[in-house]
Amino acid sequence: QKEVEQDPGPLSVPEGAIVSLNCTYSNSAFQYFMWYRQYSRKGPELLMYTYSSGNKEDGRFTAQVDKSSKYISLFIRDSQPSDSATYLCAMREAAGNKLTFGGGTRVLVKP
Amino acid sequence: EADIYQTPRYLVIGTGKKITLECSQTMGHDKMYWYQQDPGMELHLIHYSYGVNSTEKGDLSSESTVSRIRTEHFPLTLESARPSHTSQYLCASSEAGTGGKEQYFGPGTRLTVT
């Protein structure tokens with residue numbers, strides 16, 4: 001079983017809809033949680049990071065972490081066609097330096 | 001402009017050839033990483049470095065080697081390429097002290113071994 005599970009999609013939504021993405025994990029020692037966006041044939045770019053449980057909002061993006069359920073989410077409001085990409089969750093332990101990634105969810109926002 | 005660069009972006013090469021994938025960053029980051037990513041799959045860490053003359057193997061076994069002679073440069077070498085090495089290779093860097101929390105990625109090298 002993988003340490004981090006993420007539905008590969010594709011997740012197809014109409015422009016303007018809310019995109020809801022999530023990851024589950026098994027390692028209770030994970031403390032830092034990140035979301036990366038990766039366009040086709042590009043490297044991942046960091047979108048959001050949160051420490052421990054709670055919510056964090058940045059513009060149209062909201063990240064949530066529920067450590068008791070080992071579940072993290074990313075919401076994209078007012079989705080745009082330019083949001084079409086693969087979204088990767090990543091996480092690490094407090095003392096560690098290595099990130100563990102999910103497999104990514106491919107999102108398609110249709111005009 | 002501070003950035004992280006990878007060359008070549010695309011490489012098609014025959015079996016048995018020696019190849020070096022280049023990675024350079026202008027951000028002065030101490031930590032650098034190499035990941036391997038197959039289409040639709042998660043990133044797997046194959047090598048990392050915490051500074052000059054420091055290199056470690058990652059979670060995924062790899063036949064490649066790395067060196068870190070200068071802070072800004074972290075090349076990856078395959079002595080004898082095989083079709084199983086066909087993949088995308090991503091280089092990343094982060095500041096010391098952030099513990100890899102904010103890793104910045106290069107555009108990747110897509111390698112095809114025929």
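The values are calculated or read from the model by the stated rules, or taken from the named source; none is laboratory data. Since the model is a prediction, treat every value here as computed from it, not as a measurement. Virtual Cβ from ideal backbone geometry, glycine too; neighbours counted across all protein chains shown.
Could you check region B:75-114 and list, in sequence order, the residues that are part of a loop (DSSP other than H, G, I, E, B) and within 14 Å of chain A (Cβ to nearest Cβ)? Write out each step before concluding.
Just the residues of region B:75-114 that are part of a loop (DSSP other than H, G, I, E, B), to begin with: B:75, B:79-82, B:86, B:95-103, B:106-108, B:114.
B:E95, B:A96, B:G97, B:T98, B:G99, B:G100, B:K101, B:E102, B:Q103, B:G106, B:P107, B:G108 - these are the residues of region B:75-114 that are part of a loop (DSSP other than H, G, I, E, B) and within 14 Å of chain A (Cβ to nearest Cβ).
Residues are listed down the side, and each one gets a yes or a no for (1) modelled with pLDDT of 95 or more; (2) under 28 Å from A:T105 (Cβ atoms); (3) of a type in the set (K, R); (4) buried (at least 16 other Cβ atoms within 10 Å of the Cβ):
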site	(1), (2), (3), (4)
B:A2	no, no, no, no
B:S54	no, no, no, no
B:S64	no, no, no, yes
B:S94	no, yes, no, yes
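Given the conditions (1) within 14 Å of chain B (Cβ to nearest Cβ); (2) in contact with an Asp or Glu (Cβ under 7 Å, 6 or more places away or on another chain); (3) not in a strand (DSSP E or B), report the number of the one that A:N97 does not fulfil.
The failed condition is (2).
Can you confirm whether region B:15-23 contains a residue that is of a type outside the set (K, R) and at pLDDT below 90? Outline the logic, then answer.
From region B:15-23, those of a type outside the set (K, R) are B:15-16, B:19-23; that's our starting set.
So of that shortlist, the ones also at pLDDT below 90 come out as none.
No, that holds for no residue.
Only one of B:L78, B:L11 is aliphatic (A, V, I, L, M), surrounded by 12 or more Cβ atoms within 10 Å (Cβ to Cβ) and at pLDDT 95 or above. Can you tell me which? Full working, then the answer.
On the way: B:L78 fails: at pLDDT 95 or above.
Step by step, each of B:L78, B:L11 is checked, and only B:L11 is aliphatic (A, V, I, L, M), surrounded by 12 or more Cβ atoms within 10 Å (Cβ to Cβ) and at pLDDT 95 or above.
Out of curiosity, is B:S93 polar (S, T, N, Q), touching a strand residue (DSSP E or B) at 6+ places or on another chain (Cβ under 7 Å) and within 23 Å of A:E3 (Cβ to Cβ)?
Details: polar (S, T, N, Q): yes; touching a strand residue (DSSP E or B) at 6+ places or on another chain (Cβ under 7 Å): yes; within 23 Å of A:E3 (Cβ to Cβ): no.
Answer is no for this residue.
Would region A:62-69 turn up any residue that is within 14 Å of another protein chain (Cβ to nearest Cβ) and either modelled with pLDDT under 95 or within 22 Å of A:L108 (Cα to Cα) (or both)?
Yes; the residues of region A:62-69 include at least one that is within 14 Å of another protein chain (Cβ to nearest Cβ) and either modelled with pLDDT under 95 or within 22 Å of A:L108 (Cα to Cα) (or both).
Which numbered condition in (1) at positive phi; (2) touching a residue at least 40 places away in the same chain (Cβ under 8 Å) is the only one that B:N53 fails?
If we test B:N53 against (1) at positive phi; (2) touching a residue at least 40 places away in the same chain (Cβ under 8 Å), just (2) comes out false.
Within region B:14-52, restricting attention to residues that are among the β-branched types (V, I, T) and either in contact with a Pro (Cβ under 7 Å, 6 or more places away or on another chain) or surrounded by 15 or more Cβ atoms within 10 Å (Cβ to Cβ) (or both), which residue is nearest to A:A90 (Cα to Cα)? Talk me through it step by step, then tell me what you get.
Narrowing region B:14-52 to residues among the β-branched types (V, I, T): B:15, B:19-20, B:26, B:46, B:52.
Retained after the next criterion (residues that are either in contact with a Pro (Cβ under 7 Å, 6 or more places away or on another chain) or surrounded by 15 or more Cβ atoms within 10 Å (Cβ to Cβ) (or both)): B:15, B:19-20, B:46.
Numbers: B:T15: 34, B:I19: 30, B:T20: 28, B:I46: 16 Å.
Among those residues, the one meeting the criterion is B:I46.
At the interface with chain B (Cβ under 10 Å from one of its Cβ atoms) and touching a Phe, Trp or Tyr at 6+ places or on another chain (Cβ under 8 Å), is that true of A:Y51? Quick ask: steps written out before the conclusion?
Numbers: at the interface with chain B (Cβ under 10 Å from one of its Cβ atoms): yes; touching a Phe, Trp or Tyr at 6+ places or on another chain (Cβ under 8 Å): yes.
Yes: the conditions hold for A:Y51.
Taking the stated definitions as given, is B:L45 out of contact with any Asp or Glu (no Cβ under 9 Å at 6 or more places or on another chain), within 27 Å of A:Y25 (Cα to Cα) and within 14 Å of chain A (Cβ to nearest Cβ)?
No.
Residues that are more than 15 Å from B:E42 (Cα to Cα): which strands (runs of 3 or more DSSP E) entirely in region A:1-90 hold 3 or more of them? Before you say what the answer is, go through the steps one by one.
Working: elements: A:4-6, A:11-14, A:19-25, A:30-38, A:45-51, A:54-58, A:61-66, A:71-76.
So the answer is A:11-14, A:19-25, A:30-38, A:45-51, A:54-58, A:61-66, A:71-76.
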